[in-house]
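Down below is the structure, laid out as structure tokens.
The values are calculated or read from the model by the stated rules, or taken from the named source; none is laboratory data. Bear in mind that the values here come from a model prediction, so they are computed numbers and not experimental data. In this analysis, Cβ positions are derived from the backbone assuming ideal geometry, glycine residues included, and neighbour counts consider all displayed protein chains. Quick note on the areas: whole protein, heavy atoms, side chains included, nothing else; ligands and nucleic acids left out. Shrake-Rupley method; radii C 1.70, N 1.55, O 1.52, S 1.80 Å.
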Amino acid sequence: MNEDQAKPAQYLISTVSKRSGVKTDLIRAWERRYEAVTPSRTAGRQRVYTDQDIARLKLLNQAINNGHSIGRIARLSLDELQSLLKRDTHAAKQPMGVVTPIRANNRDLAEEYLEKCFSAIIAFEAAVLEGHCENAIAELGPMPFIEHLLTPLLNKIGESWQAGLLRPAHEHMATAIIRSLAYILRSSAPCPKQAPRLIMSTPLGQLHEIGALLAMIIAEFKGWHVTYLGPNLPAEEIAAAVKYARACAVAVSISFRTDDHVINREIRRLNKLIGKDVALIAGGRATSDYQAVLDEVGALSVQNYEHFKLILDRLRIQTSLHDYS
């Protein structure tokens, strides 16, 4: 066997990302901060990885989605990672509606990052906020980051803005940073061909889209094929997207109370246009302000992200039963 035949196969980071399910940004972050993998470099200084690196990244990704901290598992061997995932198998089978597990040390870590992120917002330091968020995603994992750090941070921003402690510029800066992180947070797992389809947007006049973005990410992790339309769309356009995508559900986020006449009209119009066979889901901080019209049209009102997951699971089961009936 010559030297070339003995040399293990090597892959560029784009290929490794596709095969491992880990975003390229996260791969670089795990290398830089935790030495989770140690790639070699080509003569042109490009990172190249082996099949063993890909296997490690796959296992690390699975463990982080189970609630483990990358800082604690980055140096584990392949055998140790496989053993860890076997011990976590029962957690993946827990009843629907149970909060994503987060260990006590991770809860403390999320609270520390919450204070750091809010301080960066007050100081109007966008780069610092982005760095804290990227570190937190790497250490906590996407779902714990959303549920235990980002959600309370958004609530704190909203409360501070309404109390006059933050200016609209602070809120817009934070929103821009969080929006830029959506690519890293989104699931890399390929969506099954027969996955149910969901349209995500905000109604006309609702300009705040972070809640909708996070709901999109959660739905993707739950195995849905999501088409995100952005904010502030009239009912006719949302309904058209439902038709084009052949979606079985549409979700809208209502973050702030605005003109009741507009929201009530848009909800009624959307419900009429999508028809009775498409589920209408509404969530967001201001949903309760429009509960009367949501009840009137039979929309599913989301109480929190865990309730949203439960709704998605139930709709998925109903869709499967309908397909086989």
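Taken residue by residue, region 145-155 has at least one member that is open to solvent by less than 30 Å² (accessible area, probe 1.4 Å) and of a type in the set (Val, Ile, Thr).
Sub-7 Å Cβ pairs linking a first residue in region 255-267 that is without any contact (Cβ under 8 Å) to a residue 40 or more places away in the chain to a second residue that is open to solvent by less than 80 Å² (accessible area, probe 1.4 Å) and not aliphatic (A, V, I, L, M), at least 6 apart or interchain, are ARG257/ASP289; ASN264/TYR290, ordered by first then second residue.
Looking at region 1-105, the helices (runs of 4 or more DSSP H) lying wholly inside it that each contain 2 or more residues that are modelled with pLDDT under 85 and farther than 30 Å from GLN303 by Cα sit at 3-6, 24-34, 70-73. Would a scan of region 222-230 turn up a residue that is within 30 Å of ARG265 (Cα to Cα) and either of a type in the set (D, E, K, R) or without any contact (Cβ under 8 Å) to a residue 12 or more places away in the chain (or both)? No, the conditions are met nowhere in region 222-230.
Can you find even one residue in region 252-259 that is under 25 Å from HIS172 (Cα atoms), of a type in the set (A, V, I, L, M) and in contact with an Asp or Glu (Cβ under 9 Å, 6 or more places away or on another chain)? Yes, region 252-259 has at least one match. The residue that is least open to solvent (accessible area, probe 1.4 Å), counting only those in region 176-193 that are within 23 Å of ILE238 (Cα to Cα) and assigned to a helix (DSSP H, G or I), is ALA182. Restricting attention to region 171-185, does a residue exist that is closer than 30 Å to ILE27 by Cα and touching a residue at least 60 places away in the same chain (Cβ under 8 Å)? Scanning region 171-185, I find at least one residue that is closer than 30 Å to ILE27 by Cα and touching a residue at least 60 places away in the same chain (Cβ under 8 Å), so the answer is yes.
Looking only at region 121-137, how many residues end up being open to solvent by less than 10 Å² (accessible area, probe 1.4 Å) and either over 10 Å from ILE177 (Cβ atoms) or in contact with a Leu (Cβ under 9 Å, 6 or more places away or on another chain) (or both)? Total meeting the criteria: 4. Here ARG56 meets each of (1) basic (Lys, Arg); (2) open to solvent by 40 Å² or more (accessible area, probe 1.4 Å); (3) over 23 Å from TYR113 (Cβ atoms) with one exception, condition (2).
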